[in-house]
Amino acid sequence: MKSEQQSGTELGRFLRARRARVTPEEVGLTAGAGLRRTPGLRREELATLAGISIDYYVRLERGKETRPSPSVVDSLARALRLEEDEHEHLRSLVALAARTPPEPPAAPSRTVRPGVKLLLESMRPHPAHVVSRTGDLLAANPGGLRLLAGIEDWPAKQRNIARYVFLHPAARDLFHDWHHQVRGCVARLRALAGTDPDAPDLTQLAGELLLKSPEFARLWERYDVTGHSFGRKTFHHPEVGDLTLGYQSMELEGTSGHRLVTYYAEPGTPEHDAMVLLDMLGQEQAAKRMQAHGGPPAAAEAEPSSPSS
């Protein structure tokens with residue numbers, strides 16, 4: 001028999017996960033005497049806070065009720081203390097639950113357009129790469145590949161940002177705040193799982209990481225869905241030393257969720273000099289591979305185009 005966490009709808013799983021994160025004290029309730037079997041709020045406490053019946057809320061969690069009104073959704077979001085991104089995700093889950101289950105979706109295209117590859121090249125020496133909606137590394141300029149120390153050791157089709165941060169031995173030392181980095185990776189995948197839970201590219205990756213990484217499994221259960229598309233990251237790079245770079249992620253229109261991620265630093269700073277060195281090292285390595293194997297240039301080699309794309 002499936003557990004309650006495994007059964008039901010993605011909406012119910014999200015509500016359970018977020019309910020477990022809110023304590024009675026945070027919402028002005030008295031915890032009361034006796035042992036609480038589950039962390040966070042009880043179902044009846046959340047139902048009271050949201051102004052709905054306990055029976056109705058239980059049916060929501062169990063997937064028996066799939067069409068809550070916008071006002072109920074907003075009340076639940078307030079009671080669960082959801083942030084804006086999480087509130088929007090809740091609305092998406094409600095819309096998904098109300099639909100008839102569609103046919104299993106086809107795998108999204110992994111092809112990177114030639115013009116995007118030219119953009120990657122024009123950004124040098126700023127490290128830049130293109131990733132799929134699940135974080136597959138589809139294309140990169142020399143610095144964009146070299147910045148992720150050791151990822152070149154993996155075959156092109158194995159290179160994935162989430163797989164790298166959780167499973168590559170170099171990743172924990174590379175990122176100054178590794179725990180923050182992995183939370184962002186899981187949050188993006190969790191958001192996708194909520195709106196496209198049967199996507200073959202996602203189910204394969206998440207299944208692998210759930211088996212191989214206890215840390216991924218723990219964060220997956222938390223159900224965070226707030227990612228970050230810009231900011232600053234500090235790296236402890238084995239070839240160029242410590243550097244802090246700004247970064248910006250941009251969705252590429254006309255693609256199946258591809259994002260362009262680029263890093264930058266002010267000219268004349270040590271960080272900019274480190275980027276130039278990374279670009280040179282990446283270009284040298286690409287030239288050696290081309291000489292040995294007749295391979296494509298660095299911006300195109302991160303992921304070969306699929307014949308069916």
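The values are calculated or read from the model by the stated rules, or taken from the named source; none is laboratory data. Given the structure is predicted, the values throughout are model-derived calculations rather than measurements. Backbone-built Cβ (ideal geometry, glycine too); neighbour counts: all protein chains shown. Please note that ligands, DNA and RNA were not included when accessible areas were found on the heavy atoms of the full protein model with its side chains. Shrake-Rupley method; radii C 1.70, N 1.55, O 1.52, S 1.80 Å.
Quick check on this structure: which one of 274, 300, 286 is at pLDDT below 95, surrounded by 12 or more Cβ atoms within 10 Å (Cβ to Cβ), touching a strand residue (DSSP E or B) at 6+ places or on another chain (Cβ under 8 Å) and not in a loop (DSSP other than H, G, I, E, B)?
On the way: 274 fails: at pLDDT below 95; 286 fails: touching a strand residue (DSSP E or B) at 6+ places or on another chain (Cβ under 8 Å).
That would be 300, the only listed residue that is at pLDDT below 95, surrounded by 12 or more Cβ atoms within 10 Å (Cβ to Cβ), touching a strand residue (DSSP E or B) at 6+ places or on another chain (Cβ under 8 Å) and not in a loop (DSSP other than H, G, I, E, B).
Being open to solvent by 30 Å² or more (accessible area, probe 1.4 Å), touching a residue at least 12 places away in the same chain (Cβ under 8 Å), in a helix (DSSP H, G or I) and over 26 Å from residue 87 (Cβ atoms): is that true of residue 208 here? Full working, then the answer.
Working: open to solvent by 30 Å² or more (accessible area, probe 1.4 Å): yes; touching a residue at least 12 places away in the same chain (Cβ under 8 Å): yes; in a helix (DSSP H, G or I): yes; over 26 Å from residue 87 (Cβ atoms): yes.
Spelling it out, residue 208 is indeed open to solvent by 30 Å² or more (accessible area, probe 1.4 Å), touching a residue at least 12 places away in the same chain (Cβ under 8 Å), in a helix (DSSP H, G or I) and over 26 Å from residue 87 (Cβ atoms).
Inside region 171-191, can you point out the residues that are touching a residue at least 60 places away in the same chain (Cβ under 8 Å) and within 24 Å of residue 138 (Cβ to Cβ)? Residues satisfying the conditions are 174, 175, 191.
Scan region 193-205 for residues that are closer than 18 Å to residue 86 by Cα and without any contact (Cβ under 8 Å) to a residue 60 or more places away in the chain and the total you get is 0. Applying the set (1) in a strand (DSSP E or B); (2) small (Gly, Ala, Ser); (3) over 14 Å from the mean Cα position of the chain (by Cα); (4) within 17 Å of residue 132 (Cα to Cα) to residue 246 leaves exactly one unmet item: (4). Against the conditions (1) closer than 27 Å to residue 271 by Cβ; (2) part of a helix (DSSP H, G or I); (3) open to solvent by 10 Å² or more (accessible area, probe 1.4 Å), residue 191 satisfies every one except (1).
Across region 45-95, which residue is surrounded by the most Cβ atoms within 10 Å (Cβ to Cβ) among those that are outside any helix (DSSP H, G or I) and touching a residue at least 60 places away in the same chain (Cβ under 8 Å)? Can you show your working first?
Within region 45-95, the first condition is being outside any helix (DSSP H, G or I), and the residues that meet it are 51-53, 62-69, 80-83.
This time we only want the ones that are touching a residue at least 60 places away in the same chain (Cβ under 8 Å), so: 80, 82-83.
Working: 80: 23, 82: 21, 83: 12.
For region 45-95, the residue satisfying everything is 80.
Scanning region 243-269 for residues that are open to solvent by 70 Å² or more (accessible area, probe 1.4 Å), among the charged types (D, E, K, R) and within 12 Å of residue 229 (Cβ to Cβ) yields a total of 1.
One residue is enough: does region 222-243 have a residue meeting the conditions farther than 28 Å from residue 146 by Cβ and in a helix (DSSP H, G or I)?
Here is the first cut: in region 222-243, the ones farther than 28 Å from residue 146 by Cβ are 222-226.
Filter once more, keeping what is in a helix (DSSP H, G or I): 222.
Checked region 222-243: at least one residue is farther than 28 Å from residue 146 by Cβ and in a helix (DSSP H, G or I).
Condition test on residue 42, is it open to solvent by 50 Å² or more (accessible area, probe 1.4 Å) and modelled with pLDDT of 85 or more?
Details: open to solvent by 50 Å² or more (accessible area, probe 1.4 Å): yes; modelled with pLDDT of 85 or more: yes.
The answer is yes for residue 42.
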